[in-house]
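Have a look at the structure below, then the notes.
The values are calculated or read from the model by the stated rules, or taken from the named source; none is laboratory data. None of these values were measured; they are calculated from a predicted model. Here the Cβ positions follow ideal geometry from the backbone for every residue, glycine too, while neighbour counts run over all protein chains shown.
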């Protein structure tokens, strides 16, 4: 009499569990086993990412750039990551020396072959071990005999090994790579390379070019101008009466100049002016142009407190008259342009703001700038939209010397460059104002600093700092401007 159906089902389930456990052991080893190899150009790390379309990935984490060759039939990627670089080799390349590409390829091929042998062995051993472990763990009197379950584990492990030997090593001519990149400083030549003919000669040239680029990435920082001891200015705007953040601005300025492109208050009323006038002490000197939330009353109050208040007509004096349009500040020639929507005391500080400056306002600024740009280094303006047509003109006809535009209004830190022109926005030093701090997602407190060279003015670097007022967490970012 044959065994009951339930017994057959149990035996089949046992065999299935052993088979799946063996596969799982092999998969785990395949996904986790990695080796580090030393080549003449540096150190590489070899690993596998199963579950992807079969490919050989050559990746350089240092510049976030890689090349993918679809030369593997198994659904897994063989990753070759360049972890460290031999400085002597890349320095020699950067200085025009020769490089033996063929030797590197042979070294890499040998390293990959050695890794694959170890990988196949480790994978088979791990598969067999887990399969046998499960076979011993679930054996029973009513189940299949141990020799059958152990044999199944062994056969499955051998099958995994054969599949790896046949399907995993890269096959055929590796000559049609797909390039991928995520970093911001990837060589522009990638676009041209992607459409080039993939002959062996071209690949050699591409490899040489990428190694030269990598060499320069390693050696160029040593050629940068040192920022140690270079003067710096602080850019802050949009306090909106939040006097609580004035000490932050004072510490950031550290006794240097502060350029404040507008919106110190909300209405520019006499009461608000008295509340925030101590901000003048944060900079040596404190330079101000009005925003759409400021007023003529505030400007006069700041002048009396010792600030340099700039307008398109010149520096505002205590008696209401105007001095020179261009002022010298910490070795810089600075000019400023009042916001067209600035509030007025004779209108009871009514809101005059419109979201978009009129073309006439933009044209007036462009004409004003053309008259002063040859004798100024820094231009302060509250509204970025006001200067957009002028920037377009400068894009078509770059200035003869570097120009730095300092703006505000958006409450978002930003840095933009074009030939001869840098535009810096520090964000909102007041976090959008005390009213904004009550919102569920308050604006970050933002501030910027610009490091520059005097004599012949040249911006060297821009630092942007952002502080989350709800958590106190802060981020800082430096971008070089002299490259």
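Could you please find all residues in region 300-338 being out of contact with any helix residue (DSSP H, G or I) (no Cβ under 9 Å at 6 or more places or on another chain) and part of a helix (DSSP H, G or I)? If the condition is that a residue be out of contact with any helix residue (DSSP H, G or I) (no Cβ under 9 Å at 6 or more places or on another chain) and part of a helix (DSSP H, G or I), then 303 is the only one that fits. How about region 419-442: which of its residues are more than 21 Å from residue 268 (Cβ to Cβ), at pLDDT below 95 and not in a loop (DSSP other than H, G, I, E, B)? Selection gives 438 alone. Taking the numbered list (1) more than 22 Å from residue 409 (Cβ to Cβ); (2) at pLDDT 95 or above in turn, residue 331 passes all entries but (2). Only one of the numbered conditions (1) more than 26 Å from residue 228 (Cβ to Cβ); (2) touching a residue at least 40 places away in the same chain (Cβ under 8 Å) is violated by residue 391, and that is (2). Residue-level check: of (1) surrounded by 22 or more Cβ atoms within 10 Å (Cβ to Cβ); (2) within 36 Å of the chain's Cα centre (by Cα); (3) closer than 22 Å to residue 245 by Cβ, residue 335 misses just (3).
If you filter region 274-290 down to residues that are out of contact with any helix residue (DSSP H, G or I) (no Cβ under 8 Å at 6 or more places or on another chain) and closer than 18 Å to residue 338 by Cα, you find that the one that is surrounded by the fewest Cβ atoms within 10 Å (Cβ to Cβ) is 287.
To keep it simple, each residue is scored yes or no on (1) in contact with a strand residue (DSSP E or B) (Cβ under 7 Å, 6 or more places away or on another chain); (2) surrounded by 18 or more Cβ atoms within 10 Å (Cβ to Cβ).
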position	(1), (2)
231	yes, no
242	no, yes
245	yes, yes
257	yes, yes
262	yes, yes
266	no, yes
272	no, yes
292	no, yes
297	no, yes
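Among the residues of region 137-168, not one is more than 53 Å from the chain's Cα centre (by Cα), assigned to a helix (DSSP H, G or I) and more than 12 Å from residue 15 (Cα to Cα). The condition (being in contact with a helix residue (DSSP H, G or I) (Cβ under 6 Å, 6 or more places away or on another chain) and surrounded by fewer than 19 Cβ atoms within 10 Å (Cβ to Cβ)) is satisfied by just one residue among 370, 345: 345. Are any residues in region 1-38 within 26 Å of residue 121 (Cβ to Cβ) and modelled with pLDDT under 80, and if so, which ones? If the condition is that a residue be within 26 Å of residue 121 (Cβ to Cβ) and modelled with pLDDT under 80, then no residue fits.
Once region 41-54 is narrowed to residues that are part of a strand (DSSP E or B) and touching a residue at least 40 places away in the same chain (Cβ under 8 Å), the residue that is farthest from residue 108 (Cα to Cα) is 48. Which pairs turn up if I take residues in region 448-476 that are in a loop (DSSP other than H, G, I, E, B) and look for partners that are surrounded by fewer than 19 Cβ atoms within 10 Å (Cβ to Cβ) and at pLDDT below 90 with beta carbon separation below 7 Å, at least 6 apart in sequence or on another chain? Taking only residues 6 or more apart or on different chains, the pairs are 469/437; 469/442; 470/442.
Yes or no, residue by residue, for (1) surrounded by 14 or more Cβ atoms within 10 Å (Cβ to Cβ); (2) outside the structural domain of residue 359 (by TED's automatic domain parsing); (3) more than 24 Å from residue 446 (Cβ to Cβ):
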site	(1), (2), (3)
396	no, no, yes
401	yes, no, yes
411	yes, no, no
414	yes, no, no
